[in-house]
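The values are calculated or read from the model by the stated rules, or taken from the named source; none is laboratory data. Keep in mind the model is a prediction, meaning the values are calculated, not measured. Here the Cβ positions follow ideal geometry from the backbone for every residue, glycine too, while neighbour counts run over all protein chains shown. For accessibility, only protein heavy atoms count, side chains too; no ligands or nucleic acids. Shrake-Rupley method; radii C 1.70, N 1.55, O 1.52, S 1.80 Å.
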Amino acid sequence: MTDARQIIYHGCVSSTQSVAKKLLSPGISVGTVVVADKQEQGRGRLGRTWLSPVGGLYASIILQADPLISLRAGIAVAKGLRKLGIEAKLRWPNDVMVEGKKIGGILVEVSGDFAIVGVGVNLVPVPLESATCVEEETRVHITRDRLLDWILQWMEPSLPEEVAREYKALSATIGHVVSVGDKSGKLVGKAIGIDDAGRLLVDSAGVVHVISSGDCSNLTQEDS
Ligand code: BTN
């Protein structure tokens, strides 16, 4: 990712994404990470809020923009959680899930040549029915900074084929009948894979659609 990893720690911030964005300049070292103990206006994908109480992992990493970076980040978080014995899977594009509940998420914001990769992991409970956390899923104790260290190591650049292979192995989406879309419409079909840019390929009535963003939910059970 970089020759020297600079990690900047904060107590409470509005969003680590905003703090990281302010640091962007031609001289910024790629790989700089902004971490906070708590966020007051944590941001999720598609304009959502990311609940960010003290105890969770909230980090924004400044990287060179790359179409696969968001999948790479999701893979890194899932692998970190698996190392703790948690059966984490990825719901396209990069929701980190445990048995249908969300435990982590990735938000990528591009600014010029840079991508600010926001990583959120629920280490402690958040008041949402649809969410779970590390504390609830395992008795293994991990510090925020140790988990972050693993994640950063696994986000190092790797070949697209390697990303695709790892993503498929961790996917809770590929192979399932899904409903995918946004406010402008929904598509139902079988998720058959991802392309080189991380877009989801959905076969609907024999036509393969290439989906670049949106929300995805399974209409078939994971083990069906
Ligand atoms: C999502 O699943 O919707 C993405 C959630 C991303 C949350 C992280 S926490 C660190 C960084 N700062 C933010 O405000 N958001 C991201």
message = Exactly one condition in (1) in contact with a strand residue (DSSP E or B) (Cβ under 9 Å, 6 or more places away or on another chain); (2) open to solvent by 70 Å² or more (accessible area, probe 1.4 Å); (3) not aromatic (Phe, Trp, Tyr) is false for Pro127; which is it?
response = (1)
message = Name the single residue that is farthest from Gly11 (Cα to Cα) among those in segment 114-147 being within 16 Å of the ligand (Cβ to nearest atom) and of a type in the set (Val, Ile, Thr).
response = Thr132
request  = Give the residue that is nearest to the ligand (Cβ to nearest atom), with candidates limited to residues of segment 65-83 that are under 13 Å from Gly118 (Cβ atoms) and either of a type in the set (Val, Ile, Thr) or not assigned by TED's automatic domain parsing to the domain that holds Glu40 (or both).
outcome  = Val77
remark   = Taking segment 31-64 and keeping only residues that are touching a Phe, Trp or Tyr at 6+ places or on another chain (Cβ under 8 Å), open to solvent by less than 50 Å² (accessible area, probe 1.4 Å) and either free of Cβ contacts under 8 Å to residues at least 24 places away in the same chain or away from the ligand (no atom under 13 Å from the Cβ) (or both), one is left with Leu63
inquiry  = Whether any residue in segment 84-96 is farther than 24 Å from His176 by Cβ, more than 10 Å from the ligand (Cβ to nearest atom) and modelled with pLDDT of 95 or more is what I want to check.
reply    = yes
task = Please give the number of the condition Ser25 fails out of (1) near the ligand (Cβ under 9 Å from one of its atoms); (2) surrounded by fewer than 20 Cβ atoms within 10 Å (Cβ to Cβ); (3) among the small types (Gly, Ala, Ser); (4) more than 30 Å from Lys183 (Cα to Cα).
result = (1)
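Filter segment 149-160 for residues that are closer than 14 Å to Pro67 by Cβ and in a helix (DSSP H, G or I) and give the result. Spell out how you get there, then give the answer.
Taking segment 149-160 and keeping what is closer than 14 Å to Pro67 by Cβ, we get 157-160.
Correct list: Pro160 only.
If I ask for residues that are open to solvent by 50 Å² or more (accessible area, probe 1.4 Å) and either closer than 23 Å to Glu99 by Cβ or part of a strand (DSSP E or B) (or both), which ones from segment 178-189 would you list?
Let us first name the residues in segment 178-189 that are open to solvent by 50 Å² or more (accessible area, probe 1.4 Å), namely 182-184, 186, 188.
Scanning segment 178-189 gives Asp182, Lys186, Val188.
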